[in-house]
Amino acid sequence: MDKLTVRDVDLCGKRVLVRVDFNVPLDGDTITDTTRIRASLPTLRHILSCKPQALILLSHLGRPKGEHVPAMSLAPVAPVLAQLLGDNVAFSPDCIGTESESAINALPTGGVILLENTRFHRGETSNNPTFAAKLAQHGDIFINDAFGTAHRAHASNVGVAAHLLAVAGLLLENEINYLATALEDPKRPFVAILGGAKVSGKIDVIDALLGKVDRLLVGGGMANTFFAAQGREMADSLVETEALDIARRILNTAGAKLVLPLDQRIADSFSNDAAQQLAPATSDVPARWQSLDIGPRTIDRFAQEIASAKTVVWNGPMGVFEMPNFALGTVGVARALAEATAQGATTIIGGGDSAAAVEQAGLAPQMSHISTGGGASLELLEGKALPGIEAIAEH
Ligand code: AMP
């Protein structure tokens with residue numbers, strides 16, 4: 001990687017300002033999933049081992065839109081981080097201004113402090129230069145370890161880099177290594193799997209991947225739009241009418257690279273307890289029925305492609321995996337990926353719902369890499385330059 005990382009710089013005696021991704025799910029004051037906090041620990045431990053003057057943490061949580069929304073406070077994160085880190089973690093109820101400055105100054109040498117949600121200020125998402133300068137005043141050097149927001153040019157990941165040397169944290173470095181390398185120089189066969197609800201949000205990634213992969217397997221609701229574009233009656237299935245032309249264009253140009261489901265699990269309503277049937281992709285979906293998952297023949301076909309691959313990238317569930325009766329396709333694909341990893345393939349999960357599905361299936365440790373950023377990983381797969389990564393200094 002040509003970007004500078006936390007291992008390339010001297011942090012001793014410095015005030016180290018770190019942008020982490022602590023955008024954790026909260027139920028009241030309780031953090032229901034600590035994955036993102038745990039994902040930051042290698043970088044934070046590395047920094048502390050370098051004997052800094054202070055470790056100052058910035059993050060956003062939710063979308064408070066520039067308002068102070070108590071339900072989106074980062075305060076509950078500080079004690080959880082302290083426990084995981086085995087160190088005291090102070091908290092400042094604002095991320096800029098005198099309150100944060102005195103809290104930082106009051107830290108013991110090598111102390112850790114978490115500053116309140118950067119998005120409580122409008123200047124965060126508008127990348128306001130004055131706000132960015134105030135954040136940057138807290139540190140002598142800036143480390144970005146928040147991959148989840150790397151596709152956004154905000155003050156706490158891009159704006160601060162105008163004032164401080166910006167380097168990548170270990171989590172960000174890992175994401176770049178896996179996702180960028182997968183595209184630049186993949187070991188072949190290279191198979192991508194796309195699912196989820198909509199074609200429209202993933203057109204750029206489909207186009208970019210078709211230029212690079214040996215096979216593109218499409219499942220989930222997305223596949224319905226391709227079937228409808230082929231003239232199949234999809235009845236009550238989720239179909240994006242406004243994306244039909246795009247689907248036709250992709251079908252006409254993709255050739256044998258694009259693999260659609262051979263069969264689908266259809267239901268008589270959008271419910272876990274709905275009556276269900278298997279429908280081959282060659283026949284119409286009956287009136288008032290809808291496709292909610294891929295069928296067993298498709299799982300086998302996709303598993304064969306995955307088993308022959310040396311690199312696999314997956315984004316988007318194969319069906320409505322939130323309902324156990326329609327999670328079989330998603331779990332089947334997750335199992336096929338776990339087996340491929342065991343056979344030496346590199347398997348990359350592109351964040352969001354597919355990451356949740358892999359976790360839910362208990363297969364997370366059997367993947368080569370699970371991205372911490374859904375939107376950011378999609379944009380990397382699209383071949384786009386991400387502002388949060390662009391802002392990092394190079395060797
Ligand atoms: P996305 O954000 O585009 O990756 O979409 C994820 C969502 O797609 C999940 O909430 C799934 O329940 C939903 N989904 C996947 N397959 C289907 C389907 N066949 N019909 C309706 N929704 C689906």
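The values are calculated or read from the model by the stated rules, or taken from the named source; none is laboratory data. Remember, predicted model here, so these are calculated numbers, not experimental data. Heads up, the Cβs are rebuilt from the backbone with ideal geometry, glycines too, and the neighbour counts pull from every protein chain shown. Heads up: the accessible areas ignore ligands, DNA and RNA and are worked out on the full protein's heavy atoms, side chains in. Shrake-Rupley method; radii C 1.70, N 1.55, O 1.52, S 1.80 Å.
What is the residue count in the stretch 263-273 for residues that are buried (at least 16 other Cβ atoms within 10 Å of the Cβ) and within 12 Å of the ligand (Cβ to nearest atom)?
Total satisfying the criteria: 4.
Give the residues of the stretch 31-81 that are of a type in the set (V, I, T) and at pLDDT 95 or above, sorted by residue number.
Hits for the stretch 31-81 are I31, I37, T43, I47, I56, V69, V77, V80.
Assess whether R288 counts as being away from the ligand (no atom under 12 Å from the Cβ), assigned to a loop (DSSP other than H, G, I, E, B) and among the basic types (K, R).
So R288 fits the description; yes.
Exactly one of these conditions fails for T341: (1) touching a residue at least 24 places away in the same chain (Cβ under 8 Å); (2) part of a helix (DSSP H, G or I); (3) within 28 Å of Q277 (Cβ to Cβ). Give me its number.
It is condition (3) that T341 fails.
With (1) surrounded by fewer than 18 Cβ atoms within 10 Å (Cβ to Cβ); (2) more than 14 Å from the ligand (Cβ to nearest atom) as the list, and A340 as the residue in question, which single condition is left unmet?
Failed condition: (1).
Only residues in the stretch 321-332 that are in a loop (DSSP other than H, G, I, E, B) count as the first member; pair them with residues that are at pLDDT below 95, Cβ under 7 angstrom, at least 6 apart or cross-chain, and list the lot.
Sorted first by the residue in the stretch 321-332, then by its partner, the pairs are F321/A357.
Being within 9 Å of the ligand (Cβ to nearest atom) and in contact with a Phe, Trp or Tyr (Cβ under 9 Å, 6 or more places away or on another chain) is the filter here, so list the residues in the stretch 316-334 that pass it.
Across the stretch 316-334, the qualifying residues are M318, G319, V320, M323, G329, T330.
Exactly one condition in (1) open to solvent by less than 50 Å² (accessible area, probe 1.4 Å); (2) in a helix (DSSP H, G or I) is false for D300; which is it?
(1)
Among the residues of the stretch 290-297, are any more than 19 Å from T225 (Cα to Cα), open to solvent by 50 Å² or more (accessible area, probe 1.4 Å) and touching a helix residue (DSSP H, G or I) at 6+ places or on another chain (Cβ under 9 Å)? Give the derivation first.
Step one: filter the stretch 290-297 for residues more than 19 Å from T225 (Cα to Cα), giving 296-297.
Now restrict to residues that are open to solvent by 50 Å² or more (accessible area, probe 1.4 Å): 296-297.
Restricting the remaining residues to those that are touching a helix residue (DSSP H, G or I) at 6+ places or on another chain (Cβ under 9 Å) gives 296.
The answer is yes; a qualifying residue exists.
What number of residues within the stretch 51-84 satisfy the criterion of being under 14 Å from D21 (Cβ atoms) and part of a helix (DSSP H, G or I)?
Going through the stretch 51-84 one residue at a time, the tally reaches 2.
Only one of (1) closer than 15 Å to V320 by Cβ; (2) free of Cβ contacts under 8 Å to residues at least 12 places away in the same chain is not met by L292, so which one is it?
That leaves (2) as the condition not met.
Can you run down the residue pairs with Cβ atoms below 6 Å, 6 or more apart or on separate chains, where the first is in the stretch 223-251 and closer than 11 Å to D284 by Cβ and of a type in the set (A, V, I, L, M, F, W, C) and the partner is modelled with pLDDT of 95 or more and open to solvent by 40 Å² or more (accessible area, probe 1.4 Å)?
A228/V239; A235/A287; A235/W289
So, in the stretch 344-377, exactly how many residues are in a strand (DSSP E or B), under 10 Å from the mean Cα position of the chain (by Cα) and touching a residue at least 24 places away in the same chain (Cβ under 8 Å)?
1
Are any residues in the stretch 2-49 in a loop (DSSP other than H, G, I, E, B) and in contact with a strand residue (DSSP E or B) (Cβ under 8 Å, 6 or more places away or on another chain), and if so, which ones?
D2, L4, V9, L11, K14, V20, F22, V24, P25, T32
Please work out which one of (1) closer than 21 Å to A150 by Cβ; (2) open to solvent by 20 Å² or more (accessible area, probe 1.4 Å) is the condition E99 fails and give its number.
Status for E99: all satisfied but (1).
Which one of these does L135 not meet: (1) within 16 Å of the ligand (Cβ to nearest atom); (2) more than 24 Å from the chain's Cα centre (by Cα); (3) buried (at least 24 other Cβ atoms within 10 Å of the Cβ)?
(1)
Criterion first (open to solvent by less than 40 Å² (accessible area, probe 1.4 Å), over 26 Å from the mean Cα position of the chain (by Cα) and assigned by TED's automatic domain parsing to the domain that holds G344) does Q277 satisfy it?
Against the criterion (open to solvent by less than 40 Å² (accessible area, probe 1.4 Å), over 26 Å from the mean Cα position of the chain (by Cα) and assigned by TED's automatic domain parsing to the domain that holds G344), Q277 does not qualify.
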